[in-house]
């Protein structure tokens, strides 16, 4: 009887552990996709920004010639 109880305990423990791991992975997956979407939105917004650093770099390299 004790063996059956021990096996049941192990089974339920492993099931709970598996569920926690799945929930953690799902939370990570949601965070990753949200972060990727935010980066894509930032890239779209930055395409319309003025490239000030590039302007200074071109001006600086042209003055070296």
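Nothing in this text is a laboratory measurement; each read-out follows from the coordinates by a stated rule. All values reported here derive from a predicted model rather than from experimental measurement.
Remarks
- Taking every DSSP helix (H) stretch of at least 4 residues in the chain, weighting each as -39,500 (n - 2.57) and dividing the sum by the residue count yields a mean residue ellipticity at 222 nm of -32000 deg cm²/dmol.
- Rg ratio (alpha-carbon, reference 2.2 N^0.38 Å) - segment 2-63: 2.48
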